[in-house]
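Below you'll find the structure, written out as structure tokens, and then a few comments.
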Amino acid sequence: MNSTPVTVIGLGPMGAAMARVLLAGGHHVTVWNRTRSKADDLVAEGAVLAATPAEAIAASPLVVLSLTDYRAMYDILTPAAGSLREKVVVNLSSDSPQASREATEWFTGHGAQHVVGGVMVPPLLVGTDASYVFYSGPKAVFDRYEPMLRPIGRPEYRGEDPALAQLFYQAQLGIFLTTMAAHAHSSAILAAAGVAPTDYAPFAVEVVDLVRAIVPDTARHFEAGEHPGGLSSAAMMRESAAHVVAAGREAGLDNAVPEAVLAYYDKAIAAGYNTSDGSVLYEVIKKA
């Protein structure tokens with residue numbers, strides 16, 4: 001499949017990075033972007049610039065989308081919908097899980113097959129060993145194009161339900177974004193006392209490593225629905241969360257992240273989970 005034609009629509013940093021990986025793999029790559037100048041470097045590297053979305057779709061059996069969201073996808077593809085029949089669309093744009101299901105119905109209605117994906121690294125890491133991509137949708141279609149997609153990043157096929165790739169993608173982003181917000185808050189607490197963020201960074205790495213170490217056991221508690229109290233109970237964790245909130249207030253910070261965490265523990269205590277392990281937040285969150 002080394003010379004299979006492929007079209008990439010959307011040439012932001014992520015789309016351009018994927019187009020380069022596909023070009024490097026020897027594929028005939030057609031590209032289209034609303035701002036034509038974003039294609040200049042890729043054309044210089046061997047890509048073909050299509051004049052319209054319809055022309056771009058017609059050029060290849062496989063169309064890769066890398067757009068801001070599904071609204072942008074509909075804006076671009078609806079006028080060109082007649083070109084979609086018998087095409088395979090690998091949609092690496094981000095949106096909600098339900099939007100992925102609705103988009104699959106839309107593509108099916110236009111005679112196309114829809115594979116949903118989510119790239120889990122920034123553009124600079126696309127095509128490296130660190131890159132991985134969640135996919136969901138028709139298994140036979142994914143299997144047909146998996147060798148071609150693999151150079152973008154390690155393919156992680158999650159199932160036929162088109163929403164699954166987005167669910168995994170958003171779950172990963174939830175951890176990443178929350179962790180980065182907590183890192184910013186913790187660094188700001190120390191900066192208020194004159195500690196440089198770079199001086200604190202090695203200790204932040206240590207606590208992230210600790211979280212990584214306990215995730216598998218915590219997941220087993222989630223799955224079993226059992227949260228045995230031990231050396232750290234929900235009540236103890238609640239007090240720790242309250243102290244983080246107090247430290248942020250004393251430093252004059254925006255405390256939205258630690259206050260949200262404290263609110264979860266308050267709900268756990270109100271539900272009678274005082275002596276349960278801190279993993280019991282899973283039950284609190286599910287019952288909301």
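Shown here: region 196-286, whose C-alpha atoms stretch 42, 28, 23 Å along the first, second and third principal axes, sorted largest to smallest. Largest first, the residues LEU42, LEU125, LEU281 sort by 1.4 Å accessible area into LEU125, LEU281, LEU42.
Using a probe of 1.4 Å on the protein chains alone, the accessible area found for THR68 is around 120 Å².
With no solvent and one equal point scatterer placed on each C-alpha of region 42-140, evaluate the Debye formula and give log10 I(q)/I(0) for q = 0.22 Å⁻¹, two decimals. Once normalised to I(0) and log-transformed, intensities are -1.26.
Antiparallel beta bridges, as assigned by DSSP with both residues in the chain, represent about 20 percent of the total such bridges. With all protein chains kept in place, the per residue accessible area of the chain amounts to 52 square angstrom at a probe of 1.4 angstrom. Expressed as a whole percent, the accessible area of region 196-286 that falls on carbon and sulfur atoms is 61 (1.4 Å probe). Think of each Lys and Arg Cβ as +1 and each Asp and Glu Cβ as -1; about the Cα centre, that makes the dipole of the chain roughly 600 debye. For Cα Rg over 2.2 N^0.38 Å, the choices are (1) 1.04; (2) 1.22; (3) 0.91; which was calculated from the structure? The listed entry that was calculated here is (2).
List the lysines whose alpha-carbon lies under 20 Å from that of LYS267, not counting same-chain residues fewer than 8 positions away? Within the straight-line limit of under 20 Å, LYS267 reaches these lysines: LYS286, LYS287. Using a Gaussian network model of the chain in which every pair of alpha carbons under 10 angstrom is joined by a spring, one finds that among VAL257, VAL119, VAL64 the greatest mean-square fluctuation is at VAL257. Counting 0.36 nm for each residue step from GLU226 to ALA24 and taking away their Cα separation leaves a gain of 67.8 nm.
Each Cα pair under 8 Å and six or more residues apart adds its sequence gap; the mean of these over the residue count of the chain is a relative contact order of 12 percent. State the percentage of accessible surface on region 39-143 attributable to carbon and sulfur atoms; use a 1.4 Å probe and exclude ligands, DNA and RNA. Exposed carbon and sulfur together represent 53 percent of the surface.
Charged neighbours of TRP32, selected by a Cβ distance under 12 Å, balance to +2 (K, R count +1; D, E count -1). Straight Cα distances below 16 angstrom link LYS139 to the lysines LYS87, with same-chain residues fewer than 8 positions distant left out.
Note on surface exposure: GLU45, GLU283 rank GLU45, GLU283 by accessible area, highest first, 1.4 Å probe.
The values are calculated or read from the model by the stated rules, or taken from the named source; none is laboratory data. Everything quoted here is computed from the prediction, not taken from an experiment. With ideal geometry, Cβ positions are generated from the backbone for all residues, glycine too; neighbour counts draw on all protein chains shown. The protein model used for the area step is the full one, side chains on, heavy atoms only, and it has no ligands, DNA or RNA in it. Shrake-Rupley method; radii C 1.70, N 1.55, O 1.52, S 1.80 Å.
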